[in-house]
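The values are calculated or read from the model by the stated rules, or taken from the named source; none is laboratory data. Since we're looking at a predicted model, the values are computed, not measured. Virtual Cβ from ideal backbone geometry, glycine too; neighbours counted across all protein chains shown. We work out accessible area using only protein heavy atoms, side chains counted, and drop any ligands, DNA or RNA first. Shrake-Rupley method; radii C 1.70, N 1.55, O 1.52, S 1.80 Å.
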Amino acid sequence: PVLGLTKAQPVTETDRLLRDALQKFPDSPRAKIKRMNAVKKITSRERKPSSRSVDLGLDLVAMIRPDGYGSLQGFVGYSIGGSSLTVGIHNDADDPQVISQFGGVRPPLLRVQPKLRVDVEL
């Protein structure tokens with residue numbers, strides 16, 4: 001015996017009701033209250049005092065420039081704690097472009113550039 005019971009009409013009606021509720025929710029008073037409470041929660045949060053510190057670090061960058069025309073290039077880096085060391089090699093001391101960058105003289109064989117790093121947390 002067929003009772004003629006189908007689910008198509010109730011499913012369609014429920015789907016329509018849920019879509020309407022979903023579209024109307026962002027403008028509803030309940031949604032506005034929810035957004036207001038979220039803003040209050042974020043703005044009223046107390047910041048815990050953080051530990052204050054000053055950390056110092058020394059970074060050294062060295063460039064070795066032996067004789068040559070630029071066929072050898074490379075670098076290596078090492079860091080320990082808050083300090084680091086980077087050493088590069090580029091054999092371009094005889095290259096005319098490099099010599100012109102240094103005012104007509106050859107670049108120094110070793111060039112070291114120190115950098116002091118200060119990290120302050122308040």
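Keeping to region 75-84, report how many residues are open to solvent by 80 Å² or more (accessible area, probe 1.4 Å) and either aliphatic (A, V, I, L, M) or closer than 23 Å to Ser53 by Cα (or both).
Within region 75-84, residues that are open to solvent by 80 Å² or more (accessible area, probe 1.4 Å) and either aliphatic (A, V, I, L, M) or closer than 23 Å to Ser53 by Cα (or both) number 4.
Which of the numbered conditions does Met36 fail, given that it passes all the others? Conditions: (1) at pLDDT 90 or above; (2) in a strand (DSSP E or B); (3) of a type in the set (A, V, I, L, M).
(2)
For region 94-122, how many residues meet the condition of being surrounded by 10 or more Cβ atoms within 10 Å (Cβ to Cβ) and either among the charged types (D, E, K, R) or part of a strand (DSSP E or B) (or both)?
Here the count works out to 10.
In region 27-36, which residues are surrounded by 10 or more Cβ atoms within 10 Å (Cβ to Cβ) and of a type outside the set (Ser, Thr, Tyr)?
Hits for region 27-36 are Ala31, Lys32, Ile33, Lys34, Arg35, Met36.
Return the total of residues in region 63-93 being touching a Phe, Trp or Tyr at 6+ places or on another chain (Cβ under 8 Å) and part of a strand (DSSP E or B).
The number of residues fulfilling the criteria is 6.
Val98 is checked against (1) under 31 Å from the mean Cα position of the chain (by Cα); (2) modelled with pLDDT under 90 and fails just one. What number does that condition carry?
Failing condition for Val98: (1).
Determine if region 63-74 includes at least one residue that is among the β-branched types (Val, Ile, Thr), touching a residue at least 24 places away in the same chain (Cβ under 8 Å) and either exposed (fewer than 10 other Cβ atoms within 10 Å of the Cβ) or under 30 Å from Pro26 (Cβ atoms) (or both).
Among the residues of region 63-74, not one is among the β-branched types (Val, Ile, Thr), touching a residue at least 24 places away in the same chain (Cβ under 8 Å) and either exposed (fewer than 10 other Cβ atoms within 10 Å of the Cβ) or under 30 Å from Pro26 (Cβ atoms) (or both), which makes the answer no.
Among the candidates Asp59, Asp55, Asp67, single out the residue that is under 30 Å from Asp95 (Cβ atoms) and in contact with an Asp or Glu (Cβ under 7 Å, 6 or more places away or on another chain).
Answer to the selection: Asp67.
Inspect all residues belonging to region 48-61 and state whether any of them is without any contact (Cβ under 8 Å) to a residue 40 or more places away in the chain, open to solvent by 100 Å² or more (accessible area, probe 1.4 Å) and within 30 Å of Val118 (Cβ to Cβ).
yes
Looking at region 101-122 only, could you name the residues that are more than 35 Å from the chain's Cα centre (by Cα) and among the basic types (Lys, Arg)?
Hit for region 101-122 is Arg106, nothing else.
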